[in-house]
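Below you'll find the structure, written out as structure tokens, and then a few comments.
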Amino acid sequence: MKVLIYAWNIYDESLSELQIKPNGGSIAIKNICEYIGRKCELYLFIGQQKMSSKRLGSINIVDTTRFPDYIDDSLDENECKLRTMCSAFVNVVKDLQPDFVNLHGNGDLARMCVLKCIEMDQPYAFTEHLYIGLKKKLPESDKTIGWEKQIFNIPNIKITAVGTMMKHNILRDYPAVKETDIEVILNGTDFTYQIQDSELRVQYGLMGKKILLCVGSIVKRKNQIQLVHAFEHIEDKKRKELAIIFCGADRMDGKLEDEIKRLHLERSLIYVGTIPNSEMRKYYSIADGYILPSLEEGLSLTMLEALVFGLPVIMFDDTSGASDLADENVTQFIYGKEDQDVANAIERWIDKDWDKDYIRRFAEYFTMERVAQDYLNYYEKRLDEKYD
């Protein structure tokens, strides 16, 4: 089978020309491409900018430098770029003649390319990795919701979702979408369990404390500042026994650290910045649990990594990935949105004895090998339906 995947970008250290910082989405899509590419002939179209052809592991990045720029002085630069890359996509599809096209991630260009697939009668699917939806009013999400409205209003659009609740929410918000047109393919990770000794507990003065990890870019949607406020609501004795380590690129101009300092919590709440993936095992090795305070999230890559290390997860019960982790021996849900609700969930996590071996066995489902095979099975099913 020949597969073409569209992505706005992916993260790999060797792709310095893309100049992006690692994030869960760009790493997850790269892993999906790599593992599918080990099972079939896989090509990757990158939408962010023109790329030269390159072999990256099992991925064939297609050459888009050979296509001319779209020039129209009556249009702004962004619209010209979109038309340039959309035209390049059409030409790549015509040249490669893939059996299936899978478009990952939302945006104007993704929508344009979906419409081109429909126009060309090219078998395709659009994969949603982060769905905000019409019910949640999240900060700085208007553009994303606008993209969602445009793409999910395409008649008979074919969709895969990375979480079961995500599928239900799309169907709730867009009644014209048919349930049979959405397939759930849960994310996975290639992260492996390997305890690494380190001096991190000593370095941060956390000897004898329970440690929660909170991993992800510091942004409003990921809601780390509420976790700072919730910490003050934890019962005194338990609060003294607890520390939270925040890892991730700061995209809020230091507001997280400022709030920690304002509340004089520097000894218990520690922001360590961006940690290379090669170093994350040291942090998982010293942690007792993982907390995901995001107001909305797909099936987070770092959450799956934490499960591989046997760490129980604390998360809101209404995020897109929640229902797929609804095992009381794996996940402690946060019920409600107030600071006290977050504190209550942390206290319940502290009070419970967690079986790390059980959690690691639970995590065995979330492998990249299974993810790749699920996508290929889906492609084959769709092709069988088309050509029956």
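The values are calculated or read from the model by the stated rules, or taken from the named source; none is laboratory data. Given the structure is predicted, the values throughout are model-derived calculations rather than measurements. Cβ coordinates were reconstructed from backbone atoms using ideal geometry, including for glycine residues, and neighbour counts include every protein chain displayed. Side chains included, ligands, DNA and RNA excluded: accessible areas come from the protein's heavy atoms. Shrake-Rupley method; radii C 1.70, N 1.55, O 1.52, S 1.80 Å.
Quick look at the numbers
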{"item": "Cα-based Rg of the stretch 76-159 normalised by 2.2 N^0.38 Å, two decimals", "result": "1.16"}
{"item": "Coordinate range along principal axes, alpha carbons of the stretch 1-40, Å, largest first", "result": "32, 17, 16"}
{"item": "Accessible area (Å², 1.4 Å probe, nearest 10) - L130", "result": "50 Å²"}
{"item": "Net +/- balance of residues flanking A363 in space, Cβ distance below 15 Å, scoring K and R +1, D and E -1", "result": "-3"}
{"item": "As computed over the stretch 182-244, the Cα convex hull volume per residue (Å³)", "result": "169 Å³"}
{"item": "Of the DSSP H helices in the chain, those whose Cα atoms cover at least 20 Å axially and whose Kyte score averages -0.5 or more", "result": "77-96"}
{"item": "Residue-normalised accessible area of the stretch 100-244, expressed per residue, 1.4 Å probe, Å²", "result": "44 Å²"}
{"item": "Accessible area in square angstrom per residue, the stretch 272-346, 1.4 angstrom probe", "result": "27 Å²"}
{"item": "Theoretical ellipticity at 222 nm over the chain - DSSP helices of four or more residues, -39500 (n - 2.57) apiece, nearest 500", "result": "-11500 deg cm²/dmol"}
{"item": "Long-range Cα-Cα pairs in the stretch 283-387 (distance over 22 Å), rounded percent", "result": "37 percent"}
{"item": "Added length on full extension, which subtracts the Cα-Cα distance from 0.36 nm per residue, Y387 to K54", "result": "116.6 nm"}
{"item": "Accessible area per residue, Å², the stretch 30-69 with all protein chains present, probe 1.4 Å", "result": "41 Å²"}
{"item": "F126 accessible area, 1.4 Å probe, all protein chains in place, Å² to nearest 10", "result": "0 Å²"}
{"item": "Tail beyond 31 Å, pair distance distribution of the chain (Cα, percent)", "result": "39 percent"}
{"item": "Calculated diffusion of the stretch 276-328, Stokes-Einstein form, Kirkwood radius summed over Cα pairs, 25 °C and 0.890 mPa s, µm²/s", "result": "212 µm²/s"}
{"item": "Value of Rg to Rh for the stretch 100-210 (Rh from inverse mean 1/r over Cα pairs, i.e. Kirkwood)", "result": "1.18"}
{"item": "Charged-residue dipole, Cβ positions (Lys, Arg, Asp, Glu), the chain about Cα centre, Debye nearest 20", "result": "300 debye"}
{"item": "Share of carbon and sulfur in the accessible heavy-atom surface of the stretch 281-376 [1.4 Å probe, %]", "result": "44 percent"}
{"item": "C-alpha center-to-center spacing [the stretch 311-388, the stretch 32-102] in angstrom", "result": "32 Å"}
{"item": "Positive minus negative residues near G37 (Lys, Arg vs Asp, Glu; Cβ under 12 Å)", "result": "+3"}
{"item": "Given K39/K386; K178/K222; K143/K261; K116/K178; K21/K240, the pairs whose alpha carbons are separated by over 26 Å", "result": "K178/K222; K143/K261; K21/K240"}
{"item": "Sparsely packed GluC sites (Glu not before Pro) within the stretch 1-79, loop by DSSP, other Cβ within 10 Å at most 16", "result": "E13"}
{"item": "Carbon plus sulfur fraction of accessible area for the stretch 124-262, probe 1.4 Å, in percent", "result": "49 percent"}
{"item": "Whole-number percent relative contact order across the stretch 228-373, with pairs defined as alpha carbons under 8 Å at least 6 apart", "result": "23 percent"}
